[in-house]
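Have a look at the structure below, then the notes.
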Amino acid sequence: MLDIRCLCLDVDGVLTDGRLLMDDGGGVARRFHVRDGIAIEWFQKLGGTVVICSGKTSQAVSARARELGVQHVIQGSRDKLSDLRARLDELKLSLEQTAVIGDDLPDVPLLRHCGLPIAVRDAAEEVKQAAKLVTEAAGGHGAVREVVEYLLRSSGRWPEVLELYGIREGQPG
């Protein structure tokens, strides 16, 4: 059984499809998948910690994190591994208790040191090679939802999510 207590998420290419929409004024927009959001809420409701760790800084990311109740957001990171280690130390969690979902080269150091390294389907080949699990969904298309369900099923907690909606496991929807 997995002992994953923390889920660390990259933003562009994991929580989004990696494309940035820029308007004439230089403003940037990102698209987040609603199913990823609800899965993040489930993970936290069942006692898990979510950390968002991005090399970029974005008001949209801050707003999405607030909306989902994610309290641990690292933006503008130049060394994701050091930044995540520092945050985990504050939270009294270890890298071994952390699953990391990444898509590109800056995520590889995190993947090499965490308990469960995960790549999204459309990740760079080097990221997939560093991962123990590759999602069926692409980044920004429900990959986080897929991982959260996997983690909750692996830990035997999926029935608790179903119970939130009055569903018993094995019962037709």
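Computed from the coordinates by the stated procedures, all read-outs in this text should not be read as laboratory data. Model, not experiment: these values are computed from the prediction. Reconstructed Cβ throughout: ideal geometry from the backbone, glycine too, with neighbour counts over all protein chains shown.
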Legend entry - C-alpha long axis of helix 59-68 to longest principal axis of the chain, angle in °: 10
Inset, instruction - Please report, in cubic angstrom per residue, the volume enclosed by the convex hull of the alpha-carbon atoms of the chain. - result: 117
Legend entry - Within the chain: Cβ-based charge dipole about Cα centre, in debye rounded to nearest 20 (Lys, Arg +1; Asp, Glu -1): 300
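Listing Ser62, Ser54 from the residue with the fewest other Cβ atoms within 10 Å to the one with the most, what is the order?
Working: Ser62 14, Ser54 20.
Listing Ser62, Ser54 from fewest to most nearby Cβ atoms yields Ser62, Ser54.
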Inset, instruction - Express as a percent, rounded to the nearest 5, the fraction of DSSP beta bridges in the chain (both residues included) that run antiparallel. - result: 10
Inset, instruction - Please give the calculated 222 nm ellipticity per residue for the chain, where each DSSP H segment of at least 4 residues contributes -39500 (n - 2.57) and the sum is spread over every residue; nearest 500 deg cm²/dmol? - result: -10500 deg cm²/dmol
Legend entry - Listed residues Gly115, Thr135, Gln44: farthest to the positive end of the dipole of the range 1-160 (Cβ charges): Gln44
Inset, instruction - Could you pull out every one of the lysines with an alpha carbon less than 21 Å from that of Lys56, ignoring same-chain neighbours closer than 8 positions? - result: Lys80
Legend entry - Translational diffusion of the range 1-102, µm² s⁻¹ [Kirkwood Rh, Cα pairs; Stokes-Einstein; 20 °C; 1.002 mPa s]: 151
Legend entry - DSSP bridge pairs, the range 1-83: antiparallel proportion in percent, nearest 5: 20
